[in-house]
Each structure stands twice: as structure tokens, then as C-alpha cells.
Amino acid sequence: MLRLVVPKGSLERQTFELFAAADLAIQRSSEIDYRATIDDARIEEVRVLRPQEIPVYVADGLFDLGITGQDWIEETGASVVALGELAYSKTTEQPVQIVVAVHGSSAARRVEDLPAGARVSTEYPRLTERYFADHGVRADIRLSYGATEAKVPEIADAVVEITETGRALEAAGLRVLDVVLASYPVLIANAAAAKDPAKAHAMGQILTLLQGALDARRQVLVKLNVAEADLEAVIALLPALKSPTVSKLFGEGGFAIETVVPKSAINVLIPELKDRGATDILELPLAKIVH
């Protein structure tokens, strides 16, 4: 039913892992194969292509559904339907940022401080042109084919570059002036395909699975037992999506509790639960959370 295109390159491994976690495992003969399959009746074709090209191919109807970064949607200006943001990246769960950066010795403290005709190197010429025009700066924007941060200050006065942690920019002696755009991967659809009821329904189901798998990465299931005298103290500690599930233990004067809590808090929560009388504490991973 759906022709799907997923990104090759920096997000390739993370995208394949996400689809596997969503029970939509992508299969291909080798890591260099651009054609793949998913054993799911909703998806008839899978291609693996550069994210820079994906918005245009989806807009043109070559694919019904795709994943690409918000940065490339903005750069290409492709007319696609954004179905939902997918909060993952190459090394963290934070969005990547497109930033304006200059050499650490530059006198510029704001983008507006750059001189007229400033040489700006970037892999995002259209996005950069719009950004500088919006800030009233006349810049000489030059397309970069890579190693952009290495071009300052001899070849360029500034760069508009992608960064996830900022470490590569710092290592190159650069200083960020401004954030142009924060970018997560986005599940996008062809406009005509999104109007087809059957395809739109299948797209929504796939988005539910992908977002459910992402939500589960940040949560864990906690199960524990507690005596009646300690119940309120333990409940007071527990954050939950809605409220904890509390069940009376058979034949005992106590309760079984289970709830979903943020994974980031579990290393503090478990000792505190034990301190307040909880016993038999279990932490269990989750596959999906669907709201």
C-alpha cells in the first residue's frame, strides 16, 4: 500500500533500530543495499536514500511516506504533509541545531554585527539566504560540500552548520552566534497520498507504532509490594502517566503497586521506595507506550 523512504547516513542506524522496536523491522540484503522490505501489509516498498533528497521525492509522489530532518524540509521548501515529529537523533534524544558560527577571535557578537558581503559557507544555502535576509544582513552565501567548520576564518567569515553537541565547532575554534533552526526527524507524507483514506489510516498506525516505541525508551515499568501502613508514603513518591495501579495482595495485609515512571529518575526512586517500606521492587523495560 505505502511506498516508504528512510534516511541513509548519520540517522540510518538509529532509524533502523526505531523501526525494529516498533515491530516494523527493515530487512535488506546488505548495509549498502538501497532497497529494503518490511514484513507488513501496509508497506509495499522501502528505499534508503539521502535525507537531503527525501522531501522532494515525497512531494513529487515517488514515495507516499518518508523520514527526513526538519532542516531538509526547510531547505528544500518541498510541499509535504508533516505527520509527526520523531524525537531521536544520532547520539542523543535532543534535536540537532543549525547554527551561525564564527571564529572565536571574531568581533561579531550578533549576526547583525557581520559586515555587508560577509562570506558564509553552508550546506543549507536556501535556508541560510532566508535567515540572513530576515536579519537584514547582506551576505555572500557559498555552498559547502563538507568540512564546513574548517573554512573559517580563511575561506569564510561565518558558517551555518549542523551541530548536535557543539563539540566539533568548539574543537574547530568556532563560537555560535545564533540558532537558525532546531531539527528533529519528521515523518512526512505526500499530500495526495495523505488524502487517501486507506493510506492515511495506515500512515497514522505507523506513526503510532514509531512514537510509541520512542516514548517507551524514556519510561520504565516499576512493580513493588508495600504494607498497608506504608502505602500512602510510597504512593506519594510515584509519578505516573495517570495514577498508579494498586491491588490488594491475596491473603496478606499489603498491596501490589505498578506504575510507569521516567527512566531518568529510576536510580533515585528505587532507593527512596525501599526507604519508605516498599519490597520486591521490579524495574521492567517497556516496548511501547501508546497514549
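Read-outs: derived from the displayed coordinates by stated rules, not from any lab. All values reported here derive from a predicted model rather than from experimental measurement. Note that each Cβ is placed from the backbone with ideal geometry, even for glycine, and that neighbours are counted across all protein chains shown.
Would you kindly state how much longer the chain becomes between Ser10 and Leu286 on full extension, computed as 0.36 nm times their sequence separation minus their alpha carbon distance, in nm to one decimal? Walk me through the numbers on the way to the answer.
Working: separation 276, 0.36 × 276 = 99.36 nm, distance 2.60 nm.
So the chain would gain 96.8 nm between Ser10 and Leu286.
Placing unit charges on C-beta atoms (Lys and Arg positive, Asp and Glu negative, everything else neutral), compute the dipole magnitude of the chain about its Cα centre in debye, rounded to 20.
In total the dipole reaches around 260 debye.
Taking the chain as a Gaussian network, where each spring joins two C-alpha atoms under 10 Å apart, which residue of Leu187, Leu231, Leu18 fluctuates the most?
Leu231
Under a crude label model (7 Å from the Cα following the beta-carbon direction), how far is Arg276 from Asp178 in nanometres?
4.7
As I understand it, the dipole of the range 92-222 uses +1 on the Cβ of Lys and Arg and -1 on the Cβ of Asp and Glu, about the Cα centre. Which of Ala182, Ala172, Ala133 lies farthest toward its positive end?
Ala182
I need the calculated FRET efficiency for the pair Ala147 and Ala107, taking r as the beta carbon distance and R₀ as 30 Å, to the nearest 0.05.
Approximately 0.75, to the nearest 0.05.
Would you grab the residues whose amide H sits under 5 Å from the one on Val220? Only those 5+ places off in sequence or on another chain, please, with H modelled 1.01 Å from N.
The list, which skips near neighbours in sequence, is Val261, Lys263.
What relative contact order, as a whole-number percentage, does the chain give when Cα pairs under 8 Å and 6 or more residues apart are counted?
On the way: 578 pairs, mean separation 55.7, N = 291.
Contact order relative to length: 19 percent.
In percent, how large is the relative contact order of the range 219-285, given Cα pairs closer than 8 Å and 6 or more residues apart?
Rounded, it is 52 percent for the range 219-285.
Please work out which option in [x] 17.6, 52; [y] 18.0, 58; [z] 24.2, 81 gives Rg and Dmax of the Cα atoms in Å calculated from these coordinates, and answer with its label.
[z]
Span-like helices, the chain: DSSP H, alpha-carbon axial extent 18 Å or more, mean Kyte-Doolittle -1.0 or greater, which ones?
Both cut-offs are met by 197-217.
State to the nearest 20 debye the size of the charge dipole of the range 219-285 about its Cα centre, where the only charges are +1 on K and R beta carbons and -1 on D and E beta carbons.
240
With a cut-off of 8 Å between alpha carbons and a minimum separation of six or more residues, what is the relative contact order of the range 96-183 in percent?
In percent, rounded to a whole number, it is 51.
Rounded to the nearest 20 debye, what is the charge dipole size of the range 20-114 about its Cα centre when +1 sits on each Lys and Arg Cβ and -1 on each Asp and Glu Cβ? The partial results should precede the final answer.
On the way: 8 positive and 17 negative charges, 66 e Å.
I would put it at about 320 debye.
Would you be so kind as to identify which of Ala265, Leu282, Gln219 lies farthest towards the positive end of the dipole of the range 219-285, taking Lys and Arg as +1 and Asp and Glu as -1 on Cβ and the Cα centre as origin?
Gln219
Could you go through the range 100-110 in sequence order and give the Karplus-derived ³J(HN,Hα) for each residue, using 6.51 cos²θ - 1.76 cosθ + 1.60 with θ = phi - 60°, rounded to whole Hz, and x for Gly and Pro?
3J(HN,Hα) across the range 100-110, in whole Hz: 9, 9, 10, 5, x, 7, 5, 7, 5, 10, 9.
Could you give the length gained on full extension between Ala236 and Gln27, defined as 0.36 nm per residue of separation minus the Cα-Cα distance, in nm? Walk me through the numbers on the way to the answer.
Numbers: separation 209, 0.36 × 209 = 75.24 nm, distance 4.58 nm.
Taking 0.36 nm per residue and subtracting the Cα distance, the gain is 70.7 nm.
For every helix of n ≥ 4 consecutive DSSP H residues, a contribution of -39,500 (n - 2.57) applies; sum these over the chain, divide by its total residues, and give [θ] at 222 nm rounded to the nearest 500 deg cm²/dmol.
Numbers: 9 runs with 79 residues, N = 291.
That calculation yields -7500 deg cm²/dmol at 222 nm.
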